[in-house]
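In what follows, a structure is listed as structure tokens, so that the remarks can point back to it.
The values are calculated or read from the model by the stated rules, or taken from the named source; none is laboratory data. Because the structure is predicted, anything quoted here is derived from the model rather than measured. Positions of Cβ are backbone-derived with ideal geometry, glycine not excepted, and every protein chain shown enters the neighbour counts.
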Amino acid sequence: MNRRKFIKASVASMATISMVGAGNACKNALSIEEEIVDKVKFGNTGLTVSRIAMGTGTHGSNKASDQTRLGMDQFVKLAHHAYEKGIRFYDMADGYGSQPYVGEAIKTLPRENITLLSKMWTNEDGSERNEPVSRIIDRFRQEVGTDYFDILLMHCMMDGNWTNNRKHYMDGLSKAKQDGIVKAVGVSCHNWEALVQAAESPWVDVILARINPFGTLMDNTPDAVKEVLGKARRNGKGIIAMKVFGEGKHVTDREREQSLKFIVEESNVHCMTLGMPAEAQINDAVARVMRLAKS
């Protein structure tokens, strides 16, 4: 390597180290640049997914999130960087407004290599006066530009009675699964009773659960959530961790390491969704997770 190339490479490495808060070293920078996330068998769903999903709903509400607020061009660049790092799993929701953004990002990517998850908002009174589920899914498919979703969830279950008061949506999602428009169905949970019910329900293929070692923004203690997720996993369900850093409340170097170690080694999940609005965050997460997964 000549002097000019050496200086250029050194500057790039130092910039990477600075961005991710890593210390000391070309070795760490090299690991961050070269590491690719692996794939895991996802319960009994028949799917194989990347161990990390790209979350698109950081501070998400009213059809916007930190990711969509980057603008379309920057979002697409970020999604492509995630893909290059082995993250082939995109976690969307209607409420985040992220479906058209992911749709634009995947136009040039092979659909067969990608896992697409989205979430629909539901009403407790899922009666016939609600919009047909098939129409909701058709709109989702149009926004993303896909013929099918790998995973479609009912968003934000807040009570343990959801299996009774959301029959309208469950039946519609089951029909979509039967027709091959959706491969796996399930729920995201924001309530302890809802999570317990999801672990037991034969209808549920996939659970998106809040879990981190600090107990921040969770439905119960880390130990209690771990236990119920273990039961769900034994029941064949695919488990995705969310709120891994407590919605941004635990992001120091030590806390990130503690959180990811807990998720990879103890939490009874298969994979995790991480909201990462910067390439350096993606690099850091992939390097840490793969180091822990290999240890």
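The set of residues in the range 50-69 that are buried (at least 24 other Cβ atoms within 10 Å of the Cβ) and part of a strand (DSSP E or B) comprises Ser50, Ile52, Ala53, Met54, Gly55.
Of the helices (runs of 4 or more DSSP H) lying entirely inside the range 145-241, the ones with 1 or more residues being under 17 Å from Val133 (Cβ atoms) and in contact with a helix residue (DSSP H, G or I) (Cβ under 9 Å, 6 or more places away or on another chain) are found at 162-165, 167-178. Considered as a group, the residues in the range 70-79 that are out of contact with any Leu (no Cβ under 9 Å at 6 or more places or on another chain) and within 30 Å of Lys41 (Cβ to Cβ) include one that is surrounded by the fewest Cβ atoms within 10 Å (Cβ to Cβ), and that residue is Val76.
With respect to Lys183, is the statement that it is closer than 18 Å to Ala93 by Cα and of a type in the set (Lys, Arg) true?
Values: closer than 18 Å to Ala93 by Cα: yes; of a type in the set (Lys, Arg): yes.
Judged against the criteria, Lys183 is a match.
Taking the stated definitions as given, is Glu143 surrounded by 18 or more Cβ atoms within 10 Å (Cβ to Cβ), among the charged types (D, E, K, R) and modelled with pLDDT of 95 or more? Let's see the steps before the verdict.
Details: surrounded by 18 or more Cβ atoms within 10 Å (Cβ to Cβ): yes; among the charged types (D, E, K, R): yes; modelled with pLDDT of 95 or more: yes.
Yes: the conditions hold for Glu143.
Counting the residues of the range 156-186 that are surrounded by 19 or more Cβ atoms within 10 Å (Cβ to Cβ) and in contact with a strand residue (DSSP E or B) (Cβ under 8 Å, 6 or more places away or on another chain) gives 13.
Within the range 229-244, can you find the residues that are touching a residue at least 24 places away in the same chain (Cβ under 8 Å) and surrounded by fewer than 23 Cβ atoms within 10 Å (Cβ to Cβ)?
Here is the first cut: in the range 229-244, the ones touching a residue at least 24 places away in the same chain (Cβ under 8 Å) are 229-233, 235-244.
Answer for the range 229-244, where residues must be touching a residue at least 24 places away in the same chain (Cβ under 8 Å) and surrounded by fewer than 23 Cβ atoms within 10 Å (Cβ to Cβ): Gly230, Lys231, Arg233, Asn235, Gly236.
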